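Engineer: Take a look at this one; I'll ask things after.
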Amino acid sequence: MQNLFNEVEKQLDEFGNNVGQLKGKVSLLTEQQNASSLLIQDCTKNEMLYTQAVELLSIIQKVTRDKITQSFEQIVTHALNYIFESDKYSFHLVFGKRGNLQELNFAVQTPDKNEPLDPLTTDAGGILNVISFALRVVLMEVSNPKVDGFILSDENFANLSADHIERASEFLKEVNTKFSRQIIAISHQTQMLDNADKLIKVE
């Protein structure tokens, strides 16, 4: 009978030890669970913060892009309509994506075409002359920091028909006045001289 009591007592001691070990494990698991809960809460807060930051950056990017787009499109469109004496021209920036890369293309609407097209595919070289000059003006104006200095126009309107050269000359004068930029124009076309403040003839 004594042996039985000893065996029961031994088993109770082992059971007590096991209970103690289990309590230790439960305590450890509880601490780990609490730590994990705090970590999850922090991750959730960070995820919300990062999501809000991405949304804010997207809004800023869109606003910035819209402002830049507006500047480019307005000035180039104005140049085309002013020089060609029309209100049927319009210039557009076309944003897209190729895979993960951002893409930007130019498109121009002309009176004789139903759809905007790539300026490089236009038949009239004069259109390219006007677009390229107007783009230079815009780039100098919207760059940050702003690009100071004069604009050199070296036969910029060489492919423009004689009917529009005088208007091109007036447009240079307008750029000079509006943006307070000195323009040095090199040209063989005498109509370009009408709005010049100073002439230098090279023989």
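Engineer: Whole number please: convex hull volume per residue, Cα atoms of the stretch 145-193, in Å³. Write down the numbers at each step before the final one.
Structural biologist: Details: hull volume 3.7 nm³, N = 49.
Per-residue hull volume (Cα only) is 76 Å³.
Engineer: Name the most mobile residue of VAL94, VAL76, VAL175, meaning the one with the largest mean-square fluctuation, in a Gaussian network model of the chain with Cα contacts below 10 Å.
Structural biologist: Checking each option, the largest mean-square fluctuation is seen for VAL94.
Engineer: Turning to a different aspect of this structure: Need the list of lysines near LYS113 for cross-linking: C-alpha distance under 23 angstrom, and skip anything on the same chain fewer than eight residues off.
Structural biologist: Candidates past the 8-residue exclusion: LYS88.
Engineer: Can you compute the FRET efficiency between THR122 and ASP197 using 1/(1 + (r/R0)^6), with r the Cβ-Cβ distance and R0 = 35 Å? Round to the nearest 0.05. Intermediate values should be presented prior to the final figure.
Structural biologist: Values: r = 32 Å, r/R0 = 0.93.
So, using R0 = 35 Å, E works out to roughly 0.60.
Engineer: Here's something else I'd like to know. Short version: what are the Cα gyration tensor semi-axes of the chain, square root of 5 times each eigenvalue, largest first, in whole Å?
Structural biologist: Numbers: eigenvalues 1264, 66, 30 Å².
Ellipsoid half-lengths, sorted descending, are 79, 18, 12 Å.
Engineer: If neighbour count is taken as other Cβ atoms inside 10 Å, put GLU155, GLU103 in order from fewest to most. Before the final figure, lay out the partial values.
Structural biologist: Numbers: GLU155 13, GLU103 10.
Ascending number of Cβ neighbours within 10 Å: GLU103, GLU155.
Engineer: Calculate the FRET efficiency for SER90 and LEU56 from the Cβ-Cβ distance with a Förster distance of 30 Å, rounded to the nearest 0.05. Display every interim value, and only then the final one.
Structural biologist: Details: r = 32 Å, r/R0 = 1.06.
Step by step, r from the Cβ atoms, then E = 0.40.
Engineer: Also, I was wondering about something else. If you count the DSSP beta bridges with both ends in the chain, what percent of them are antiparallel, to the nearest 5?
Structural biologist: Just about 70 percent of them are antiparallel.
Engineer: Take the Cα pairs of the stretch 106-193, get the Kirkwood Rh, then feed it into Stokes-Einstein at 37 °C and 0.692 mPa s and tell me D in µm²/s. Don't skip to the end; give the middle numbers.
Structural biologist: Details: Rh = 14.1 Å.
For these conditions, the coefficient is 233 µm²/s.
Engineer: If you don't mind, another one. Relative to the first principal axis of the alpha-carbon coordinates of the chain, what is the inclination of helix 162-179, with its axis defined by its Cα atoms, in degrees from 0 to 90 and to the nearest 10?
Structural biologist: Roughly 50 degrees between the two axes.
FYI, it's all coordinate maths here, none of it is from the lab. Just so we're clear, the structure is a prediction, and the values are computed from it rather than from any experiment. Reconstructed Cβ throughout: ideal geometry from the backbone, glycine too, with neighbour counts over all protein chains shown.
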